Structures are given as structure tokens and as C-alpha cells.
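The values are calculated or read from the model by the stated rules, or taken from the named source; none is laboratory data. No experiment lies behind these values; they were computed from the predicted model shown. Note that each Cβ is placed from the backbone with ideal geometry, even for glycine, and that neighbours are counted across all protein chains shown. SASA here: full protein model, heavy atoms, side chains in, ligands and nucleic acids out. Shrake-Rupley method; radii C 1.70, N 1.55, O 1.52, S 1.80 Å.
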Amino acid sequence: HLEETQSWLDDYTETVDTSLPVTSRQTMAEQYQAETRSSAVMGNAVSVVIALVGVLNFVNSMVTAIVSRKREFAVIQSVGMTKNQLCRMLAYEGIFYAALTLAASYLISSLAVGVVIRAMVAGGFTTFRFTLLPLGICTPILLVFAVLIPFLCFKNLEKQSIVERLRME
């Protein structure tokens with residue numbers, strides 16, 4: 001008789017005693033849904049920020065690794081490596097870094113969240129749902145950057161001649 005009682009209470013508080021504070025099962029469920037949505041939005045926002053920091057850190061380390069090796073690339077080109085070979089080598093290096101990063105991310109997150117966090121929330125009043133969707137979304141982005149960044153950095157390096165790059169300290 002929950003629905004009948006709820007409708008009687010609603011009618012009573014609207015017509016007879018409007019100052020009567022009533023907290024029903026329905027209002028508690030609505031409040032819980034609102035809090036759950038709020039927590040989900042905050043969790044998703046934090047996840048997006050962490051993903052952006054991770055991707056930007058990856059891009060920064062790739063750019064730094066390539067720019068700091070200008071002279072090395074000039075020496076390699078001066079002994080006969082073509083531009084296409086060097087660009088391909090850098091792309092493979094980027095894919096290798098991305099594969100290592102993704103493998104470590106999948107392994108560590110699966111262990112940390114799937115085992116440790118699940119054990120922390122076990123037996124509580126909350127439900128736990130583990131998903132690798134954020135990593136799945138970041139995977140193609142990271143792979144695209146792993147190929148695109150070396151290509152763009154190499155194009156930027158080529159603006160200087162081999163001789164100029166060899167003379168750099």
C-alpha cells in the first residue's frame with residue numbers, strides 16, 4: 001500500500017496541513033539519485049582532467065626526446081639515412097612508447113582499481129562498477145599522437161640544414 005499511502009500523504013500536506021514536513025521513501029530516492037548524479041559528474045570531470053594531463057605529459061616527453069636529439073639525427077642523416085627512414089624510425093619509436101605506456105596503464109589500473117578499490121568498498125552501502133572505457137578512449141588518441149608528434153617535430157627540425165644542426169652545441 002505504498003502508493004496509496006504516498007498519494008494520501010501528498011494530498012494531506014497540500015490541503016490540510018501545508019506546514020507538515022514529510023520525508024517519504026520517494027523523496028529520499030530522488031535525493032539519492034541527485035547525489036549519485038553529482039558524484040558521477042565530478043568523477044567524470046576528474047577523469048577527463050587526469051586523462052588530459054596524461055596525454056599532454058606523453059606529448060611533452062615525445063617532443064622533448066626528439067628536440068634534444070637534433071644533433072644525433074643530423075649525424076645519422078649525414079652518414080646516409082634518408083628523411084623517410086628517419087621519420088619512419090621516429091614513428092616506430094613513438095608507437096613503441098605509446099604501447100609501453102598503454103600496457104603499463106592497463107595493467108596498473110586493472111590491478112589497482114579492480115583489486116584494491118573493490119576490496120575497500122566491499123560490504124558497504126555502495127555499488128562498484130569497474131570499466132576500462134576511459135583507457136579505451138585514450139588508446140586511439142595516444143596512438144595518433146605517437147605517430148603525429150614525431151612527424152611534426154621532424155618537419156620542424158628539417159627547417160634547419162644538416163650542417164646547421166651538426167654545428168649546434
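Test residue 147 against the stated conditions and say whether it is surrounded by 11 or more Cβ atoms within 10 Å (Cβ to Cβ), at pLDDT 90 or above and among the β-branched types (Val, Ile, Thr). Spelling it out, residue 147 is indeed surrounded by 11 or more Cβ atoms within 10 Å (Cβ to Cβ), at pLDDT 90 or above and among the β-branched types (Val, Ile, Thr).
Does residue 103 satisfy being within 16 Å of the chain's Cα centre (by Cα), modelled with pLDDT of 85 or more, of a type in the set (A, V, I, L, M, F, W, C) and surrounded by fewer than 11 Cβ atoms within 10 Å (Cβ to Cβ)? Explain how you work it out, then say what you get.
Details: within 16 Å of the chain's Cα centre (by Cα): yes; modelled with pLDDT of 85 or more: yes; of a type in the set (A, V, I, L, M, F, W, C): yes; surrounded by fewer than 11 Cβ atoms within 10 Å (Cβ to Cβ): yes.
Spelling it out, residue 103 is indeed within 16 Å of the chain's Cα centre (by Cα), modelled with pLDDT of 85 or more, of a type in the set (A, V, I, L, M, F, W, C) and surrounded by fewer than 11 Cβ atoms within 10 Å (Cβ to Cβ).
In region 1-29, the residues that are of a type in the set (Val, Ile, Thr) form Cβ pairs under 7 Å with partners that are surrounded by 10 or more Cβ atoms within 10 Å (Cβ to Cβ) and not in a loop (DSSP other than H, G, I, E, B), at six or more places apart or across chains, as follows: 22/9; 22/13.
Just one of the numbered conditions (1) over 27 Å from the mean Cα position of the chain (by Cα); (2) loosely packed, with under 10 Cβ neighbours inside 10 Å; (3) not hydrophobic (A, V, I, L, M, F, W, C) is not true of residue 129: (1). Determine whether region 43-51 contains at least one residue that is touching a Cys at 6+ places or on another chain (Cβ under 9 Å) and not acidic (Asp, Glu). Yes: one or more hits. For region 115-162, enumerate the residues that are β-branched (Val, Ile, Thr) and in contact (Cβ under 8 Å) with a residue 24 or more places away in the chain. Answer for region 115-162, where residues must be β-branched (Val, Ile, Thr) and in contact (Cβ under 8 Å) with a residue 24 or more places away in the chain: 137, 139, 141, 147, 149, 162. From the list 152, 142, the lone residue that is part of a helix (DSSP H, G or I), open to solvent by 70 Å² or more (accessible area, probe 1.4 Å), at pLDDT 80 or above and not polar (S, T, N, Q) is 152.
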